[in-house]
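Taken together, the values in this text are just the output of simple stated rules run on the coordinates, not laboratory data. Fair warning: this is a prediction, and the values are worked out from it, not measured in the lab. Please note: Cβ atoms are built from the backbone with ideal geometry, for glycine as well, and neighbour counts cover all protein chains shown.
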């Protein structure tokens, strides 16, 4: 059984909606379970018992959420010091707003988290452009949700925006299953 840990923070519910859609995708893959944990509640035990770690963040001023950063600095750093996550699967997602059509800072936030995922030794699962929902809510780094209109008025996430999150969860679970079956890093 593959365990996919989804650690996230959410301000107004958009990142949490994406986390739940991603978890639905994970659960649709045979022999895969998803565990949703808010960044404030994540502990080293969660990391040590998972086969894949997915980190989701809302965007704040073009950067990651402080709770996600705290999780990386306080929980992930201990696993990094002991090389406990090398060879596990890693992935990201983000929700944002702001001006422009670039996802409201999502790309920069995802890149920041991906840097930490790479440093942990996780094998990164990107989001291929042929993934359903990619045109509406996808970047090569992972799915994103634009929770506000360009004038910053709240609009929430549409069901169309959540499609790429669900499929990302499916991709992550499939890759984690392959790696676990191959027992490459054990």
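Our estimate of slack between residue 38 and residue 136, defined as 0.36 nm per intervening residue step minus the Cα-Cα distance, is 32.7 nm. Pairwise alpha-carbon distances in the stretch 1-113 exceed 21 Å for 34% of all pairs. For the listed peptides 22-30, 3-11, a ranking on the average number of other beta carbons within 10 Å per residue, highest first, reads 3-11, 22-30. When you count the other C-beta atoms within 10 angstrom of each residue and take the mean per peptide, 153-161, 83-91 line up highest first as 83-91, 153-161.
Quick one: check the C-alpha center-to-center distance for the stretch 156-181 versus the stretch 47-79, whole angstrom. Centre-to-centre (Cα) distance: 18 Å.
Rounded, prolate or oblate for the stretch 50-186? Axes are the square roots of the Cα gyration tensor eigenvalues, ordered a ≥ b ≥ c, and the cut-off for rounded is a/c under 1.5. Here the stretch 50-186 falls in the oblate category.
Ranked from highest to lowest mean number of other Cβ atoms within 10 Å per residue, what is the order of the peptides 131-137, 67-73?
By packing density, highest mean first, the sequence is 67-73, 131-137.
Each listed q (0.18, 0.24, 0.30 Å⁻¹) maps to a log10 I(q)/I(0) for the stretch 125-171 from the Debye sum over equal C-alpha point scatterers, namely -0.49, -0.76, -1.02. The value of relative contact order for the stretch 119-186, using C-alpha pairs under 8 Å at least six residues apart, is 28 percent.
Could you tell me the distance between the Cα centroids of the stretch 1-42 and the stretch 107-147, to the nearest Å? If you average the Cα positions of each part, the centres end up 15 Å apart.
Legend: ranking of residues 66, 141, 80 from fewest to most surrounding C-beta atoms inside 10 Å; resulting order 66, 80, 141. Compared with the direct C-alpha span, the chain from residue 159 to residue 83 gains 23.5 nm at full extension, assuming 0.36 nm per residue. The value of relative contact order for the stretch 2-182, using C-alpha pairs under 8 Å at least six residues apart, is 27 percent.
For 168, 46, what ranking results if the residue with the fewest other Cβ atoms within 10 Å of its Cβ goes first? Working shown, then result.
Working: 168 30, 46 17.
Least crowded to most crowded, the residues run 46, 168.
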